[in-house]
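Colleague: Handing you a structure now.
The values are calculated or read from the model by the stated rules, or taken from the named source; none is laboratory data. Not measured: the values here are computed from a predicted model. Cβ sites come from the backbone with ideal geometry, for glycine too, and all protein chains shown count toward neighbours. Quick note on the areas: whole protein, heavy atoms, side chains included, nothing else; ligands and nucleic acids left out. Shrake-Rupley method; radii C 1.70, N 1.55, O 1.52, S 1.80 Å.
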Amino acid sequence: MSEWKDLRLGDITKVITKGTTPSNIGADFTESGIKYIRSEMLKQSKHLSNDGFLYISEDTHSRLRRSQLQCNDILFSMAGAYLGKTAILRDCDVPSNTNQAVAIIRVNEAVADADFVYYYLNLPTTTKLVNSISSQSAQPNINLTQIGDLITPMPNLPTQRRIAAILSSLDAKIENNNKVNAKLEEIAQNLFKEWFVDFGPFKDGKFVDSELGPIPEGWRVGTLEETCVEILRGYTPNYVNSSKYKILNQKVNKGSTLDKQYYKYNDENDRGFLSKLAQKGDVLINSLGQGTLGRIHLYTQNTTDVIIDQFITFLRTNIFSKSAYLAFYLSSMSGQAEIMSRITGSTGMWVLTINNIKKIKLVIPPDSIFEKLNDMICNLYDRIATNSEENEKLVTLRDTLLPKLMSGEIEV
């Protein structure tokens, strides 16, 4: 640590500026063109995902010169719900531009490593400091001067690179697992579409008319109630600050993923929740309020310590592939339309009652079809679950190493 120096972020960067919005110059967004990055794209990942982009024309991009982005630029959300969220740009992310809620931090590579600075900005102490600065204003925000004044403990450049390489290797493995999972999920979705939408394996057989269109003979149109073993609401929690029992609420259920940072905890002495513990194959449906209502998640983990919240409805079937099919259907445009048509209540207090969920109609194949698919579907989702569990361990390891490496407590 004797060789480390405390430096202002502004002293180790070439540029600290922020984005602009096309409307400032009378321009609009376009269907395609130059990628335009918004603060809501900065989440928990080191790099941007490939979705969520808006686009601007090349002419607009050339006019918004100040906010043209380069590889290794660090993006830092300056305001609102995404305050302090970051990402670092790769070659595949440029050319691109960004908006006024995002700071652009361009590191001076002669004295600092961009990855090292990125990890400094993700330290818990830095996040806490940024939030303490933002709390001094009515709306959570931080300005460019305050970003430039952040004090960064800096070792020499080779040490910065070694520290960043360790942390980057963990993030690279997490990112690769996420890519593999996305591909596995795509395979599963294509399989369901081929079997249950296009009816590919059954095209040479006889079809009959139904209220949902032609379906293979022996199949029928029915309701979720007829398809499931159980349809239940979750448990009303008895909250405590910490416990072995986590509460899976509507905020955790993001649809395709679970955002576990929003887990809350239930009193261990309260045993009324035992029948409401999440099981592998449960299909979770957010069932109250605007914003998250109707989100569908297929629970793929083998756990005994996750309680389903009272505002989530869960479906249970007699075979995993059937649960996966229900999640596929309910997440589709047709399924979401069915869900939306059965919402009751008033604005701000919309609700999906159990009775209305039970009445949702869908095409129901014979159980023999699900039995044929089960091994294949289980294999796909078991691999997804394994990768997700590995990522949780990698995130814990990275977050444990991060402050120790960035403070010099662990030498490299």
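Colleague: Among SER242, SER287, SER134, determine the one that fluctuates most according to a GNM of the chain built with springs between C-alpha atoms less than 10 Å apart.
Modeller: In this elastic network of the chain, the residue with the biggest mean-square fluctuation among SER242, SER287, SER134 is SER242.
Colleague: Under the √(5λ) rule applied to the eigenvalues of the Cα gyration tensor, what semi-axes describe the equivalent ellipsoid of the chain? Give them in Å, descending.
Modeller: Numbers: eigenvalues 390, 132, 91 Å².
Gyration-tensor ellipsoid for the chain: 44, 26, 21 Å.
Colleague: Next question, about the same structure. Testing the spin-label approximation: label points 7 Å from Cα along Cα→Cβ at ASP375 and LYS5. State their distance in nm.
Modeller: 6.5 nm
Colleague: Ok, one more. Which of PHE199, TYR325, LEU298 sits farthest toward the positive end of the charge dipole of the chain, with +1 on the Cβ of Lys and Arg and -1 on the Cβ of Asp and Glu?
Modeller: Highest projection toward the positive end goes to LEU298.
Colleague: Considering the convex hull of the alpha carbon atoms of the stretch 361-405, report its projected area averaged over all viewing directions, in nm², one decimal. Let's see the in-between values first.
Modeller: Values: hull surface 19.9 nm².
The Cα convex hull of the stretch 361-405, projected and averaged over all directions, gives 5.0 nm².
Colleague: Calculate what fraction, in whole %, of the accessible area of the chain sits on carbon and sulfur atoms when a 1.4 Å probe is rolled over the protein chains.
Modeller: C and S fraction of accessible area: 49 percent.
Colleague: Something else now. Rounded to the nearest 5, what % of the DSSP beta bridges within the chain are antiparallel ones? Let's see the in-between values first.
Modeller: Values: 48 of 55 bridges.
The antiparallel proportion sits near 85 percent.
Colleague: Throw me the Rg/Rh for the stretch 235-303, computed over C-alpha atoms with Kirkwood Rh, two decimals.
Modeller: Result for the stretch 235-303 is an Rg/Rh of 0.95.
Colleague: Next question. What's the extension gain from GLU411 to ARG383 if we count 0.36 nm per residue and subtract their Cα-Cα distance?
Modeller: So the extension gain works out to 6.5 nm.
Colleague: If you don't mind, there's one more thing I want to ask. For a paramagnetic label modelled at 7 Å from the Cα of GLU31 toward its Cβ, which residues of the stretch 47-65 fall within the zone defined by backbone nitrogen distances under 15 Å?
Modeller: 55-57, by backbone N distance to the label point.
Colleague: Quick check: net charge around GLY200, other residues with Cβ under 15 Å of its Cβ, Lys/Arg +1 and Asp/Glu -1?
Modeller: Summing Lys and Arg as +1 and Asp and Glu as -1 gives 0.
Colleague: By average Cβ neighbour count within 10 Å, what is the ranking of 92-100, 263-271 from highest down?
Modeller: 92-100, 263-271
Colleague: For Cα pairs less than 8 Å apart in space and 6+ apart in sequence, what is the mean separation divided by the residue count of the stretch 213-289, i.e. the relative contact order in percent? Numbers along the way, then the final one.
Modeller: Values: 55 pairs, mean separation 21.3, N = 77.
Here the relative contact order equals 28 percent.
Colleague: Report for the stretch 1-149 the percent antiparallel among DSSP-assigned beta bridges with both residues inside it, nearest 5.
Modeller: DSSP beta bridges in the stretch 1-149 are roughly 85 percent antiparallel.
Colleague: Give me Rg over Rh for the stretch 27-143, both radii from the alpha carbons and Rh done the Kirkwood way, two decimal places.
Modeller: Here Rg/Rh amounts to 0.97.
Colleague: For the stretch 1-98, what is the accessible area per residue in Å² when the probe is 1.4 Å?
Modeller: It amounts to 52 Å² per residue over the stretch 1-98.
Colleague: A further question follows. Please work out the average accessible area per residue across the stretch 118-263, using the 1.4 Å probe convention, and give it in Å². Write out the running numbers ahead of the final one.
Modeller: Details: 7830 Å² over 146 residues.
Ligands and nucleic acids excluded, the figure is 54 Å² per residue.
Colleague: If you place +1 on the Cβ of every Lys and Arg and -1 on the Cβ of every Asp and Glu, how big does the dipole about the Cα centre of the chain come out, in debye to the nearest 20?
Modeller: Rounded to the nearest 20 debye, it is 640 debye.
Colleague: Place a label point 7 angstrom from the Cα of ALA165 along the Cα-to-Cβ direction, then list the residues of the stretch 384-412 whose backbone nitrogen is under 12 Å away.
Modeller: 412
Colleague: Which aspartates and glutamates, if any, have their Cα less than 16 Å from the Cα of LYS260, not counting same-chain residues under 8 positions apart?
Modeller: ASP305, ASP309, GLU389, GLU390, GLU392, ASP399
Colleague: Shifting gears a bit: Taking +1 at the Cβ of each Lys and Arg and -1 at the Cβ of each Asp and Glu, which of ALA103, GLY33, ILE74 sits farthest along the dipole of the stretch 1-143 towards its positive end, judged by Cα position relative to the Cα centre?
Modeller: Value computed over the given set: ALA103.
Colleague: Trypsin sites (Lys or Arg not before Pro), restricted to the stretch 1-88: which are DSSP loop and have at most 15 other Cβ atoms within 10 Å?
Modeller: LYS43
Colleague: What residue among LEU184, GLY52, SER210 has its Cα farthest toward the positive end of the dipole of the chain, where the charges are +1 on Lys, Arg and -1 on Asp, Glu, each on the Cβ?
Modeller: Checking the options against the dipole of the chain, the answer is GLY52.
Colleague: Can you give the Kirkwood hydrodynamic radius for the stretch 10-67, in Å, rounded to one decimal and based on Cα pairs?
Modeller: Its Kirkwood hydrodynamic radius stands at 12.9 Å.
Colleague: Sticking with this structure for a sec: Just need the relative contact order of the stretch 243-399 here, percent rounded to a whole number, with Cα pairs under 8 Å and 6+ apart.
Modeller: Numbers: 233 pairs, mean separation 32.8, N = 157.
Value for the stretch 243-399: 21 percent.
Colleague: Now, a different point. If you add up the charges near ARG383, with Lys and Arg at +1 and Asp and Glu at -1, over every other residue whose beta carbon is less than 12 angstrom from its beta carbon, what do you get?
Modeller: Summing Lys and Arg as +1 and Asp and Glu as -1 gives -3.
Colleague: In percent, what relative contact order does the chain have, based on Cα pairs under 8 Å that are 6 or more apart in sequence?
Modeller: After rounding, I find 15 percent.
Colleague: Continuing with the same structure: As a check on your grasp of the helix formula, calculate [θ] at 222 nm for the chain: sum -39500 (n - 2.57) over DSSP H runs of n ≥ 4, divide by the residue count, round to the nearest 500.
Modeller: Computed mean residue ellipticity for the chain: -10500 deg cm²/dmol.
Colleague: Still on this structure: Under a point-charge model restricted to the Cβ atoms of Lys and Arg (+1) and Asp and Glu (-1), what is the dipole moment magnitude of the stretch 174-232 relative to its Cα centre, in debye to the nearest 20?
Modeller: Numbers: 6 positive and 12 negative charges, 50 e Å.
The dipole of the stretch 174-232 has a size of about 240 debye.
Colleague: Within a Cβ distance under 13 Å of ILE339, other residues only, what is the Lys/Arg minus Asp/Glu net charge?
Modeller: Working: positive: ARG295, ARG342, LYS358, LYS359, LYS361; negative: GLU338.
With Lys, Arg at +1 and Asp, Glu at -1, the net is +4.
Colleague: Starting from the exponent 0.38 and prefactor 2.2 Å, build the expected Rg for the stretch 268-372 from its residue count and divide its actual Cα Rg by it.
Modeller: That ratio works out to 1.13.
Colleague: Same structure, new question: What's the magnitude of the charge dipole for the stretch 122-220 around its Cα centre, counting Lys and Arg as +1 and Asp and Glu as -1 at the beta-carbon? Answer in Debye, nearest 20.
Modeller: Dipole of the stretch 122-220, to the nearest 20 debye: 580 debye.
Colleague: Can you name the helices of the chain, as whole DSSP H runs, whose Cα span along the helix axis is 27 Å or more and whose Kyte-Doolittle mean is not below -0.5?
Modeller: Within the chain the helices that satisfy the rule are 157-192, 367-407.
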